[in-house]
Amino acid sequence: MTRAWLTPILLALAGLLAAGSRAADGSPVAGLVLLVAFLLLAAVASPLVFPRSVTSAEALRRSEADRRPVVYWRPGCVFCLRLRLRLAGRAHRAHWVNIWRDPEGAAAVRAANDGNETVPTVLLAGRHHTNPDPAWLRARIDDPASGSGPAR
């Protein structure tokens, strides 16, 4: 759990230090701008940006029932963040598994990626897709009948 929050905490602390330094130099407005920028970065890097994670077993069970994709991710991964932000409001239509909190999820990712924990890895229609194009996944989420097809 602490590993997931390390980057956001460090970003917030760096923002406080930078803001304090600017304020001490007589530039409180610049300090405030820096603080806000670092806090926004900390928020984006936090696990709070992602939909609530479930276990791999629960995600697989739900996916079988509703045919939604399973997205394996981990905090701090810029590619996971890119996928999450590009999915926007559609992100809740997938089942998200944090591989740092779920050993079964981490094992599934390693099995799909030659022993590497490469994320995001998306399981859709029984096939794994490593770091898929967000537009491709958006299209699959919008039209589940389109099948998995190749992940460009």
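Bear in mind that the values in this text are calculations on the coordinates, not laboratory data. Here the structure is a predicted model, which means the values were calculated and not measured. Note that each Cβ is placed from the backbone with ideal geometry, even for glycine, and that neighbours are counted across all protein chains shown.
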Query - Cβ-derived FRET efficiency at R0 30 Å, ALA125 paired with LEU85, nearest 0.05 - result: 0.80
Report task. Work out the FRET efficiency for ASP142 and ALA30 from their Cβ-Cβ distance, taking R0 = 41 Å, and round it to the nearest 0.05. Result -> 0.40
Query raised in the report: Once the piece of chain linking LEU17 and ARG93 is laid out straight, how much longer is it, given 0.36 nm per residue of separation minus the C-alpha distance between them?
Result: 23.5 nm
Report task. Would you look at the GNM of the chain, springs on alpha carbons closer than 10 Å, and say which of SER21, SER53, SER63 moves the most? Result -> SER21
Query - Whole-Å semi-axes of the range 2-48's equivalent ellipsoid (Cα gyration tensor) - result: 23, 10, 4
Report task. Pull out the extension gain between ASP133 and ARG61, defined as 0.36 nm times the separation in residues minus the alpha carbon to alpha carbon distance; nm, one decimal. Result -> 23.4 nm
Query raised in the report: Relative to the present Cα-Cα distance, how much length would full extension add between THR118 and LEU6 at 0.36 nm per residue of separation?
Result: 38.3 nm
Report task. Could you tell me which helices of the chain pass both thresholds, a Cα extent of 24 Å or more along their own axis and a mean Kyte-Doolittle hydropathy of at least 0.0, with helices taken as whole DSSP H runs? Result -> 2-24, 28-45
Query - trypsin sites (Lys or Arg not before Pro) restricted to DSSP loop in the range 37-141 with at most 13 other C-beta within 10 Å - result: ARG52, ARG67
Query raised in the report: Between the range 1-80 and the range 115-130, what is the C-alpha centre distance in whole Å?
Result: 22 Å
